[in-house]
Amino acid sequence: MYTATDNIRADASRAGSSKKQAVQQRLITLEPEQAEWFSQSPPTDLWGMGQDILELEQHVPAEITVRNRLPDPSSVHWHGMRVPNNMDGASGLTQQAIEPGSSHTYRFTPRDAGTYWAHSHHNTYEQLARGLYLPLIVEESTPYPVDHDHLLVLDDWRVNSTGQLDLESLGSMHEWTHGGRMGNLLTVNREITPRLQVEAGSRTRLRILNAANSRIMTLELNGLQSWIIAKDGQPLTKPLKTNGSLTIAPAERYDLIVDIPADWQGEQPIYETSSKTQLTGAFWQVIPGNERSAVRQDPQSLPANPVPVLQGKQPDQQAQLLMTGGAMGGMRSAVYRNTRMSAQKLSVNKQAWAFNGVANLPDTPLLSARSGETVEIEIINDTRWPHGMHLHGHHFQQHGSDRYEAGIWHDTVLMEKNEKLTIRFQAGEPGKWLLHCHMIEHQAAGMATWIEVTA
Ligand SMILES: [Cu+2]
């Protein structure tokens with residue numbers, strides 16, 4: 001359970017001082033950890049960040065030191081945070097990887113309150129599969145009125161018959177050309193079917209993050225009254241009533257308001273239904289509540305973050321991004337590292353997808369824009385697979401869609417096969433920003449490009 005009080009703060013400078021510090025300092029240690037998932041086998045070896053959650057204050061400068069106590073290099077990307085480019089944590093593009101035994105300090109001021117996450121951006125397909133991520137919450141300066149605030153971090157792990165992570169299957173080209181790596185164990189908050197305690201008749205904020213490598217999850221809310229109040233950290237201008245189920249692509253976040261019926265008691269399941277078998281992700285543990293009114297008012301919206309205004313602006317820069325490749329995609333060739341290669345040669349290089357005919361990062365950006373300019377990218381998914389497209393360092397809107405009309409922002413958006421969408425955003429901090437598929441095997445196998453923002 002997430003509450004403001006039980007956060008593990010690694011902030012030595014706060015000790016003994018009640019005065020607000022000018023800088024919020026945090027320490028993150030990338031290190032091995034273990035999960036006790038199976039009573040019949042030894043604990044499962046994972047990688048983690050030494051805590052359950054990272055909590056930051058909005059508008060207060062943060063200084064986050066990351067120590068690497070893993071045997072491999074790594075880096076930390078602050079997914080959804082609008083940070084200076086050299087703080088983005090994209091190994092090989094915005095920084096060198098943090099070597100084992102060394103540390104790296106990230107400095108940025110959280111502009112936006114909301115639900116984010118920090119995760120490895122180095123050999124991401126392997127390090128995410130090992131669990132190297134951390135939910136990140138930037139608190140609103142005025143607490144939002146709810147009875148409970150619960151986090152629901154969904155993940156699917158692949159474990160073998162001894163209860164350990166199946167690392168031998170990492171890198172399977174079959175998976176990289178299809179839907180990516182799928183697990184065989186569903187966890188919520190790194191636990192098997194945890195209990196989320198709520199009172200009957202109470203109102204809960206549910207912060208949902210899909211931390212899986214590639215699995216698109218679907219949560220069934222069992223007919224609960226619920227509203228989306230934020231997407232990818234950014235508040236909706238008006239809460240949007242859900243129809244009781246929520247589809248969430250890897251790396252997406254949704255903040256929901258959920259009303260627990262006054263007549264509920266005991267344990268009530270929350271199902272995840274993306275596979276043929278309906279799985280129980282977690283249970284509501286409903287305890288008797290106070291006398292609460294059965295009829296509640298609809299939830300109010302969260303205070304807006306300082307996002308740019310796009311309405312009424314015409315794009316200054318435009319680009320098109322054609323996604324091709326993958327199984328049944330019929331891609332015959334693509335350019336990889338400045339060389340045109342046949343599909344077979346690409347496969348030898350573990351490449352299978354292309355953006356505008358180029359597999360993996362091109363030398364030149366998809367587009368270049370000056371900071372403050374309005375940018376429009378038309379993205380065409382000409383493949384047989386869904387993809388979750390993520391733009392670093394920016395939030396964007398889907399122009400010409402219902403979601404645009406509803407004022408919904410994204411840093412990651414799910415695209416169905418053969419879907420076309422147009423995203424608009426304001427070019428932010430100068431630097432090189434990745435645009436890639438967050439089904440992380442697809443990124444590794446070619447689905448990555450970058451945009452350039454100049455001062
Ligand atoms: Cu993809």
When the stretch 100-137 is examined, which residues are found to be within 14 Å of the chain's Cα centre (by Cα) and in a strand (DSSP E or B)? Gly114, Thr115, Tyr116, Trp117, Ala118, His119, Ser120, Tyr133, Leu134, Pro135, Leu136, Ile137
Can we say Ser202 is open to solvent by less than 40 Å² (accessible area, probe 1.4 Å) and under 30 Å from Trp385 (Cβ atoms)? no
Which of the residues that make up the stretch 413-455 are in contact with a His (Cβ under 6 Å, 6 or more places away or on another chain), farther than 14 Å from Ala354 by Cα, within 16 Å of the ligand (Cβ to nearest atom) and assigned to a strand (DSSP E or B)? Met415, Leu434
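Could you tell me which of the residues Pro299, Pro306 is more than 30 Å from Gly180 (Cα to Cα), in contact with a Lys or Arg (Cβ under 8 Å, 6 or more places away or on another chain) and surrounded by fewer than 17 Cβ atoms within 10 Å (Cβ to Cβ)? If you could, list the steps in order and put the result at the bottom.
On the way: Pro299 fails: surrounded by fewer than 17 Cβ atoms within 10 Å (Cβ to Cβ).
Every option except Pro306 fails the conditions.
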Subset tally (residues that are away from the ligand (no atom under 15 Å from the Cβ) and either in contact with a Leu (Cβ under 9 Å, 6 or more places away or on another chain) or assigned by TED's automatic domain parsing to the domain that holds Ala352 (or both)) for the stretch 161-184: 1
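Can you name every one of the strands (runs of 3 or more DSSP E) wholly within the stretch 244-337 that holds 1 or more residues which are at pLDDT 95 or above and aromatic (Phe, Trp, Tyr)?
253-259, 266-272, 279-287, 333-336
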Kindly check whether there is at least one residue in the stretch 354-376 that is open to solvent by less than 10 Å² (accessible area, probe 1.4 Å), outside the structural domain of Ser169 (by TED's automatic domain parsing), of a type in the set (A, V, I, L, M, F, W, C) and in contact with a helix residue (DSSP H, G or I) (Cβ under 8 Å, 6 or more places away or on another chain). yes
Those residues of the stretch 216-241 that are within 16 Å of the ligand (Cβ to nearest atom) and buried (at least 24 other Cβ atoms within 10 Å of the Cβ) come to a total of 1
Have a look at Thr193, Thr204 and point out the one that is assigned to a loop (DSSP other than H, G, I, E, B), more than 16 Å from the ligand (Cβ to nearest atom) and under 30 Å from Tyr144 (Cα atoms). Thr193
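The values are calculated or read from the model by the stated rules, or taken from the named source; none is laboratory data. Just so you know, these numbers come straight off a predicted model, no measurement behind them. For neighbour counting, all protein chains shown are included, and Cβ atoms are generated from backbone atoms with ideal geometry for every residue, glycine included. When the accessible area is computed, the model is the full protein with side chains, heavy atoms only, and any ligands, DNA or RNA have been set aside. Shrake-Rupley method; radii C 1.70, N 1.55, O 1.52, S 1.80 Å.
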